[in-house]
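Read through the structure below, which is laid out as structure tokens, and then see the notes.
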Amino acid sequence: MNRKKLQKLAESLCRTAKHFNKIEVECLIKLFHTLVVEPSDRHAVIGLDRNTFRNILHVTFGMTDDMIMDRDCFEVYDLNGDGYISREEMFHMLKNSLLKQPSEEDPDEGIKDLVEITLKKMDYDHDGKLSYTDFEKAVRDENLLLEAFGPCLPDIKSSMAFEMEAFQETGDM
Ligand code: CA
Ligand code: CA
């Protein structure tokens, strides 16, 4: 990647990734390119595979697989990324995962009840939403709650596939 292209990419990434400044973004792009193997077919998707990514998290950040899985699940459920799973987000996810089953007369009422039951069980500090701390505590007590709002691990796989597709679409900067 040449210098001009790198700067242009860094500038556009800076607009969305506000946690990083331009120099940091440039470094991340360079790091990214040392980690990925350029495919011989220029139309192929460039990216990290899951094992490489896990390996980096493990080696660089000393993370264990369990931690990644806990964290992953929470972020999948926190749809707007504000750090909390809200009643609305629970409702949305439960509706999506339950509608695949035969529907009741008024499924929305049933889902609302389910949201309240789940909150009662998982909302340890009673603020009406699930923080990561609430979620982690609840999952440690009851492992099945890890997928409380629908199967999240396959969703990560498909959302990653989706992201790769999406980035591929807009990748020609
Ligand atoms: Ca949220
Ligand atoms: Ca809470």
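The values are calculated or read from the model by the stated rules, or taken from the named source; none is laboratory data. Predicted model only: the values in this text are computed from it and were never measured. Note that each Cβ is placed from the backbone with ideal geometry, even for glycine, and that neighbours are counted across all protein chains shown. All accessible areas refer to the heavy atoms of the entire protein, side chains included, with ligands and DNA or RNA removed. Shrake-Rupley method; radii C 1.70, N 1.55, O 1.52, S 1.80 Å.
Please list 140, 3 from largest to smallest accessible area, probe radius 1.4 Å, with all protein chains kept in place.
140, 3
Working from label points 7 Å from Cα in the Cα-to-Cβ sense, the residue 88 to residue 32 distance is 3.0 nm. FRET efficiency for the pair residue 124 and residue 9, taken as 1/(1 + (r/R0)^6) with r the Cβ-Cβ distance and R0 = 35 Å, rounds to 0.25.
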